[in-house]
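As structure tokens, the structure follows; a few thoughts come after it.
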Amino acid sequence: MNRSTIDLWVGILVAAGLGALLFLALKVGNLASFSAARTYEVKANFANIGGLKVRAPVKSAGVVVGRVADIKFDTETYEAVVTMSLSATYRFPRDTVAKILTSGLLGEQYIGLEAGGDSKMLANGDRIKLTQSAVVLENLISQFLFSKAAEGKDNSK
């Protein structure tokens, strides 16, 4: 093999490696799903969104049915308004429940949708009225510690 052939193969391998690194970076950043599929947007208010981020998955029965498009703060209700972009192939009843869930114990947060039984379906611009905020681990620990401290006071009497 001559020098130019070796240089060509090294260049091809370096380009393939850079392409693989770019793909992994996009996958980790939740940006790898470049989809041109039709979507519709729905909104939901949450008292606490925890660590939910834009581009977080929206799942129903474990299947990704959309992504979080936007998160804003409503200064009138003092709640977070989450806009979800759902795939048009998945239709949900108007009484669907939206919950902020966590993958594993300390994993990423996502929105879980539980379909209701209404005959009317959500349309573009609708609002999901039934929501459940994120469970914040620090709040659970503090509630547990305070309840144990209160039990200790009651037992010492």
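Structure above, values below:
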| item | result |
| --- | --- |
| Heavy-atom accessible area ranking, 1.4 Å probe, most first, across Ile12, Ile100 | Ile12, Ile100 |
| Chain lengthening between Glu41 and Phe23 when straightened (0.36 nm per residue, less Cα-Cα) | 3.7 nm |
| Nearest-ten-degree value, helix 3-28 long axis tilted from longest Cα axis of the chain | 10 |
| Percent carbon-and-sulfur accessible area, the chain, ignoring ligands, DNA and RNA, probe 1.4 Å | 60 |
| Overall form of segment 1-137 per C-alpha gyration tensor (a/c, 1.5; a/b vs b/c) | prolate |
| Charge dipole magnitude, Cβ of K and R +1, D and E -1 - segment 50-91, Cα centre, debye nearest 20 | 340 |
| Between helix 137-155 and the chain: long-axis angle, C-alpha atoms, 0 to 90°, nearest 10 | 30 |
| Inter-label distance for Ile12 and Val136, nm, one decimal - labels placed 7 Å from Cα along Cα-to-Cβ | 5.6 |
| Restricting segment 60-148 to chymotrypsin sites (Phe, Trp or Tyr not before Pro) in coil, as DSSP defines it, with at most 12 other Cβ within 10 Å | Tyr78 |
| Efficiency of FRET between Thr89 and Arg127 - r from beta-carbon atoms, R0 25 angstrom, step 0.05 | 0.70 |
| Heavy-atom surface of the chain, accessible at 1.4 Å and reported per residue (Å²) | 68 |
| Helix-only CD estimate at 222 nm, as mean residue ellipticity for the chain, using -39500 (n - 2.57) per DSSP H run (n ≥ 4) | -10000 deg cm²/dmol |
| Per DSSP, loop GluC sites (Glu not before Pro) in segment 56-157 with at most 14 further Cβ within 10 Å | Glu76, Glu108 |
| Simple Cβ-charge dipole of segment 72-137, Lys/Arg +1 and Asp/Glu -1, about Cα centre, in debye nearest 20 | 180 |
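The values are calculated or read from the model by the stated rules, or taken from the named source; none is laboratory data. Not measured: the values here are computed from a predicted model. No Cβ is skipped: glycine too gets one built from the backbone with ideal geometry, and neighbour counts run over all protein chains shown. We work out accessible area using only protein heavy atoms, side chains counted, and drop any ligands, DNA or RNA first. Shrake-Rupley method; radii C 1.70, N 1.55, O 1.52, S 1.80 Å.
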